[in-house]
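Let me begin by presenting the structure, written as structure tokens, before commenting on it.
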Amino acid sequence: MTDHKNHAEHAEAHLREKHLMLDPLPRGRMNEMVMESMRHITWKFWVVFGILAAISAYGLFYSWGVMIAEGLGVAGVNRPVYWGIFLVNTVFWIGISHAGTFISAILRVFKAEFRRPFTRAAELMTTFGLVQAGFSIFMHMGRVWLSYWLMPYPNQRLLWPNLHSPLSWDLLAITTYILGSTMYLFLPLIPDMAMARDRSTGWRKTLYKILALGFRGTEGEWTHLRNAMNIFAFAIIPVMFSVHTIVSWDFAAATRPGWSSTIFGPYFVIGALHSGMGAVITVLAIIRGTMKHMKYFIRPEHFDAIGKLMLIISMTWAYFFFNDYMVQWYGGDKWTKQLLHFHEAGPMGWMWFAMLVCNVVIPWAILWNPKWRSTPWLVSTVGIIINVGMWFERYIIVPISLTINRMPFTWRMYQPGIEIPLGIGTLAFFALLYMAASKLIPLIPVWEVQEGQMAHELKKFGRETVVTVSELE
Amino acid sequence: MSEKFSRRDFLKLAGMGAATTAVLTGCGPASRYVKREPYQQMPEYNYNGQSTYYATTCRECAAGCGLVIRTIQGRAIKTEGNANHPLNLGKTCARGQATLHGLYNPNRVRGPIKHARGDRLYAKANDPFNDNFDDAEPNMSWDEALQTVADALTKYKPEEIGFLMGMAPDHLFDLVTDLANATGINAPVRFGALGMFESRATLSKAAETLFGEARMPFFDVGGAQVVLSFGANFLETWLSPVSYTRGFASLRQAETKMRGKLVQFEARMSATGGKADEWVPLRPGTEALVALAIGRLASEIRGGAMPRVFSSVDPIDVASKSGVKLEALEHIAAMFANSTGALAIPGGAALGQSNGLAVAEAVLALNALADNFGKPGGVYFSPLAPSQTEYQRPASAKEMQDFVQKMKDGKFKALFIHGVNPVFELPASMDFKGALANVEQVISFATFPDETAAEADFIFPDHHGLESWGYQRVVTGSDLPVLSGAQPVVAPYYDTRAAADVLISAAQLAGGSFAQALPFKDEVEFLRGKVSALMGEANGSFSAMDAVAFMASFQQFGGWWKMSDGRTAPSAADALNQNVKGDAAEFAGEGEFFFIPFVSPTLAEAGANKPWLQELPDPTTTVMWNTWLEMNPETAHELHIEYDDVVRVVSEAGAVELPVYVYPAIRPDTVAMPFGQGHTAYGRYAEGRGVNPADLFGGHFNEAGDLAFAGMKVKIEKTGKKRPLSRLESMMGVYGVGLGEEH
Amino acid sequence: MATLNDLKISEVKLSEGEGGKWGMVIDQDICTGCQACVAACAMENNISFVGEEDSGYGRSMHWIRIERFWEGEYPEVKMTPNQPMLCQQCGSAPCEPVCPAFATVHSQAEKLNLQVYNRCVGTRYCANNCPYQVRSFNWRDYKRPEPLANQLNPDVTVRRRGVMEKCTFCIQRIHKAQDQAKAEGREVMDGEFTTACAQACPANAITFGRTDDPRSLVSQLAKRRGHGAKHLEELGTLPNVTYFKGG
């Protein structure tokens, strides 16, 4: 009997240790943990912060200034590779930004409970990733100081942007997405801001007071908030799909071998999720490893869950890649064939193979194993590798594919110039923003975790301990 | 040519007529002709948005194409061809277009300068986009300059004074000739690198041997059906490229006849060879043999007695010596024999060999066989220019060597140099620069700070061609006798002065026979005298009542020409009975590669300082801004040389280092290299760019005295360095480099 | 052979605001690759030179370039007929719809692709989408050292860095001729003016004129030579330049 009891207790303890939702802490304690994770700033933080700030200042702002003053000649773009790493980075960062919405909106809609602790971390990635995407696309412009011409603003001469151009659609889609995702980031933040306001002093209190918008936690407020979040969760999903589809149209709508492919829309979306999930898991591993109390909130179960998603997405990506390749190759257009051959056997062929290894071989080899995919360092390394692979994929689509066109007399390779510091600069600036945010807003949506923990219960049916979740909304 | 004038031409000419007055008032020495008028009616060049067109003559080479320069408010904007000019019929080559980059070149000599020999004439500025004026400041007044010239004329004995002049302009040459005739100073010697590479002496010598007249032959490519070109690069720089290109176009696509064929015999495919229907890579030096063999085979096909000139040649032997298959020779001979309009042209590297004269004779004999003398599609003598009694050719390289020898022997105490850059153009082995050391006083009239100007004691800069008066005799290319007129199209940009004016004024200062020899107020008066001598000629393109009106029309139309075909037929009587030595050429030097220098089709000898010419891709290699060595892919493979590898080319006379262009259309035993770059001065765009093949030339000549520039063998040594060539073409798209294809 | 001097008043009457359909015929059989057109174009249209390094890196600004390839291997090697490649002034131009700023638009009057330098923000999408790769981008402010700028043609805008440019069929000359004709109350005559490249070409390989007028020299040539090819016609770009390849 005691054996049984011991066994049941043991199983229960195991479940509670494994699942955050079953391992509740007192509210006050949890709130305090989150507050402490924000307030706790070590010298290491400042060192890294300083280095990143220096890299951003040089790589992003100074280099960009040089490029604006000198012209795009300081970059590596040429004829025929008119688009280079700038566009690669744009697509890359928009891809990164997809994971946030995917995790918080889709998983919220489908009520995947494991999402709770890391929705905000993912949403932050969305917002900050889009900032980098914006930087990259504006860097790319020859006369960035005139970029406002792309906005449809009323003017005396009735000059409007050209709505035939995929770039105009792009601009609209990205703007919509950045606005929508920022609002969607902000809404669930309100209760946490209120929590933080009540537990801080000084400038923080002022800041949180403003951001909390006077939230007091009344039933009416919660109802409104839930409604708003639901609306946004549903609304942001089509926006998310549309954004990357439209980004893909920049390429697919062009009359170029290798680009005008009808499958680019979903292919790009899945590619975005691929890199986005990889980025989320990397960020989670870093947060868990570096910030106080995060080991409580982010547990191997989360890595396991995201790992499964990554595996499925990797398989889907492989399917789309194969489909795209197959259709283009089978089409038999001589320029497309030339291009596909160039991808594999040209001077940058190594990148093509590296892309397949990073995006397919390594994820499949590691993520099938539950144990391995629950190991934070391992699975986050896979996340990094996937991101490298996805960056390669975009590099192959943009500068390498641009090398080959229908005028062989103009074929020429691309050698990046100032794009490299600029690209590193965006990466550093992303990390910098993220670090700053991690000390200013709770990376863990405390109320969502608490809500989940309240809903979860362990019940005994006979000898079996069973997890139940009550419907909250 | 067409009698019809287009409306545009009419307007243009009407404009020019009025403009003539305007330009006469506007430009430097012409200010004497000012007719003062109230400013109610502004000169037309003062109107906003109105262009004024001035007819003049191109000075980028000596061919003498007529230009019409579009100017706006006193600035020259655009070169257009003079549509009525019989030589170029409104067309120009790339160099003619870029002449404005000479006029507005950032590095010009801006005024009279006295300087120590070898000193820089402009700051070393390798940045092509550097905006600073960095030319040497003029440090003399023109009065001092004139006195210097006058002193030089009087201080030395007449026979100690020499004039070295370029192939253009002719009016200055005439003026100096007059001066020399009257005062006993040495007759001016003319030279130009283009003339050297065209082997003009060889052509006229061959004409003399075969036809008894030392004249410049004209090959009517346009009227022919089959053209055999033995190395003649007539679509690039040869003699009169614009006119020959027009001929080529009508060879191919004239409305009234079948499409003609071009067969090019040369070891390295030139831009002309690239356009040929058949390109025959023969062993350098065997051109004469091949021509004779074709003549023999063609005679056999035609039947009848074997002409003496072809009788001793053995086609089978020729085939083995030249590397051209016997079948190919037979096929070409058949084409030649069966054609009603067969023509053979000698030129280019074929003449620049030890047996160059034999090549010219053998090829002219082929024409005799085709019996095309004086017939459409055949060989003519170019018309002599108006008021010219005999063809004057520039000095051959041999004659230049004698000239340099005289300099070295101290025979010249004062040397005047105009319009030529011998330090750059002459073979380095002749050591013109060294010879200058034995000349007490060197006075250059250079417009640009070139290598020769840098070695002079004084530089009294002449105007740029577009700021100059003058005329140029059209030597070849037109069926009409043409005296092409030049006039300033803009006011001189700098404090320069026409060399003719300088000489006239200095002669006045010098007094005595000098003053009597040049009794003119200025250059324009001299010109008017020369030009108005044509007033009495019948059948001219225009006539006038008095000299002033005649001169005005001369300016307005851009020259004067006779309206009757001035070409004459060479007498073919003895041409087939010559004894042409058909031996293969001899080659100097020890290397294993034949060496073929060729004039860069885009730069020619003096284009390197014009940035847009530098940025024009070479027609065959598409290389810009540099020199290259062409090498067969097989040879490169054997030597383990890749494209852009820098190699050292060693000849008996010197060595240069330059990157390799792996060129698919060159014999494996031959390397080739363009002439035109490798300047050590001459402005920021030219200096320090590429290398000069003249550094490799030894002092070997053919029987006519022309330089055997292609009569050398060179060694190739690897250096291990790499220097990427700037090309327009894609290495991937054109040569498959890096596409992953199997080699 | 018909020459530019054989003037003909156009048969096709144009309505107000129309300027005819301009086109070009290029005879590759007689093009010698001499680069006169390239130089003439650069001089007429204020095209910057970019220096050795940039020109070797695919940044040269030529509006017209002459392409040539090789066929076969030594000794049976042949140079393919020179192919002057310039903006084909497509009737249905791929560059036009992709510009977000309407900087490259189709002109109803001249039936040409216009490039509005002032409106260009430099996304370079048009250049990517140009199947002929004939657009050049101002990668830098390529300076013309003084006094080279004296040569600039005041009829043509000087472009700054970050702006796309391309062949305009010398639209400034078209306009000048049209203005002149209008002032004189007549139609523009064939051969009254021509583009800088056609004007310079020593071989007369380039002919420019109105393709909608059957009596113009371009139409006559196209008819006489026959078998003209439009480059990459299969893309449906409706180019306005016709090429004649061989004999």
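The values are calculated or read from the model by the stated rules, or taken from the named source; none is laboratory data. On a predicted model such as this, the values are computed, not experimentally measured, just so you know. All Cβ positions, glycine included, derive from the backbone under ideal geometry; neighbour counts span all protein chains shown.
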- Task: Check C:Val77 against each of (1) hydrophobic (A, V, I, L, M, F, W, C); (2) away from chain A (no Cβ under 13 Å); (3) over 30 Å from C:Asp213 (Cα atoms); (4) buried (at least 21 other Cβ atoms within 10 Å of the Cβ) and name the one condition it does not meet.
- Result: (4)
- Does C:Tyr132 fit the bill of being facing another protein chain (nearest Cβ under 10 Å), surrounded by 23 or more Cβ atoms within 10 Å (Cβ to Cβ), of a type in the set (Phe, Trp, Tyr) and part of a loop (DSSP other than H, G, I, E, B)? yes
- Query: Does B:Ala368 count as over 23 Å from B:Thr237 (Cβ atoms), buried (at least 20 other Cβ atoms within 10 Å of the Cβ) and either out of contact with any Gly (no Cβ under 8 Å at 6 or more places or on another chain) or among the β-branched types (Val, Ile, Thr) (or both)?
  - Reply: yes
- Task: Look through B:Phe675, B:Phe709 and report the one residue that is in contact with a Gly (Cβ under 8 Å, 6 or more places away or on another chain), crowded, with 22+ Cβ neighbours inside 10 Å and within 21 Å of B:Ser429 (Cβ to Cβ).
- Result: B:Phe709
- Task: Within segment A:430-460, work out how many residues are of a type outside the set (A, V, I, L, M) and within 17 Å of the chain's Cα centre (by Cα).
- Result: 3
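Each row is one residue, and each column tells you yes or no for (1) in contact with a helix residue (DSSP H, G or I) (Cβ under 9 Å, 6 or more places away or on another chain); (2) among the hydrophobic types (A, V, I, L, M, F, W, C).
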{"position": "A:Trp329", "(1), (2)": "yes, yes"}
{"position": "A:Gly332", "(1), (2)": "no, no"}
{"position": "A:Leu340", "(1), (2)": "yes, yes"}
{"position": "A:Trp352", "(1), (2)": "yes, yes"}
{"position": "A:Leu356", "(1), (2)": "yes, yes"}
{"position": "A:Pro363", "(1), (2)": "yes, no"}
{"position": "A:Ile366", "(1), (2)": "yes, yes"}
- B:Arg259: passes all of (1) part of a loop (DSSP other than H, G, I, E, B); (2) at pLDDT 95 or above but (2)
- Query: In segment B:453-489, what residues are in contact with a Leu (Cβ under 8 Å, 6 or more places away or on another chain) and among the polar types (S, T, N, Q)?
  - Reply: B:Gln472, B:Thr476, B:Ser478, B:Ser484
- Task: Those residues that are part of a loop (DSSP other than H, G, I, E, B) and either within 11 Å of another protein chain (Cβ to nearest Cβ) or over 21 Å from C:Gly23 (Cβ atoms) (or both), I need them from segment C:172-197; list them, please.
- Result: C:Glu184, C:Gly185, C:Arg186, C:Val188, C:Asp190, C:Gly191, C:Glu192, C:Phe193, C:Thr194
- Item | Where A:Gly84 falls short, out of the listed (1) in contact (Cβ under 8 Å) with a residue 60 or more places away in the chain; (2) more than 14 Å from every other protein chain (Cβ to nearest Cβ) | (2)
- The residue from B:Gly410, B:Gly477 that alone is modelled with pLDDT under 95, farther than 30 Å from B:Gly247 by Cβ and not in a helix (DSSP H, G or I) is B:Gly410
- Item | 2 or more residues small (Gly, Ala, Ser) and surrounded by 20 or more Cβ atoms within 10 Å (Cβ to Cβ): qualifying helices (runs of 4 or more DSSP H) within segment A:148-247 | A:166-186, A:189-198
- Of all the residues that make up segment A:287-314, how many are out of contact with any Phe, Trp or Tyr (no Cβ under 9 Å at 6 or more places or on another chain), under 30 Å from A:Glu32 (Cα atoms) and not in a loop (DSSP other than H, G, I, E, B)? 5
- When you scan segment A:1-84 for helices (runs of 4 or more DSSP H) that lie fully inside it, which ones turn up with 1 or more residues that are basic (Lys, Arg) and under 28 Å from the mean Cα position of the chain (by Cα)? A:2-18, A:27-39, A:43-55
- Of the residues in segment C:140-171, those that are in a helix (DSSP H, G or I) and either in contact (Cβ under 8 Å) with a residue 40 or more places away in the chain or within 14 Å of chain A (Cβ to nearest Cβ) (or both) come to C:Gln151, C:Ile171
- Message: Given the criterion among the small types (Gly, Ala, Ser), assigned to a loop (DSSP other than H, G, I, E, B) and away from every other protein chain (no Cβ under 14 Å), identify the matching residue among B:Ala704, B:Ala694.
- Response: B:Ala704
- Is there any pair with a first residue in segment B:239-255 that is facing chain C (nearest Cβ under 7 Å) and a second that is surrounded by fewer than 24 Cβ atoms within 10 Å (Cβ to Cβ) and of a type in the set (Lys, Arg) whose Cβ atoms are under 6 Å apart and which are 6 or more apart or on different chains, and what are they? B:Arg252/B:Arg259
- Sort out which residues of segment B:121-138 are touching a Pro at 6+ places or on another chain (Cβ under 8 Å) and modelled with pLDDT of 80 or more, and write them in order of number. B:Leu121, B:Tyr122, B:Asp135, B:Ala136, B:Pro138
- Task: For residues that are of a type outside the set (A, V, I, L, M, F, W, C) and not in a helix (DSSP H, G or I), scanning just segment A:378-406, find the one that is surrounded by the fewest Cβ atoms within 10 Å (Cβ to Cβ).
- Result: A:Arg406
- Task: Scan (1) away from chain A (no Cβ under 14 Å); (2) within 30 Å of B:Arg120 (Cβ to Cβ) for the single condition B:Ser726 breaks and write down its number.
- Result: (1)
- For B:Thr272, all conditions in the list (1) under 21 Å from B:Ala360 (Cα atoms); (2) of a type outside the set (Gly, Ala, Ser); (3) more than 9 Å from chain C (Cβ to nearest Cβ) hold save one; what is the number of the exception? (3)
- Which pairs have Cβ atoms under 7 Å, sit 6 or more apart or on different chains, and link a residue in segment C:104-127 that is away from chain A (no Cβ under 12 Å) to one that is in a helix (DSSP H, G or I)? C:Glu110/C:Ile171; C:Glu110/C:Ile174; C:Leu112/C:Ile171; C:Asn113/C:Cys95; C:Asn113/C:Glu96
- Item | When residues of segment C:202-224 are limited to those that are farther than 28 Å from B:Leu67 by Cβ, surrounded by 16 or more Cβ atoms within 10 Å (Cβ to Cβ) and within 14 Å of another protein chain (Cβ to nearest Cβ), the one modelled with the lowest pLDDT | C:Ala222
- If you check B:Ala672 against the conditions, is it small (Gly, Ala, Ser), within 25 Å of B:Ser396 (Cβ to Cβ) and part of a strand (DSSP E or B)? yes
- Message: Just to confirm my filter: which helices (runs of 4 or more DSSP H) fall fully inside segment B:84-202 and include at least 1 residues that are within 16 Å of the chain's Cα centre (by Cα)?
- Response: B:94-97, B:99-103, B:170-183, B:193-198
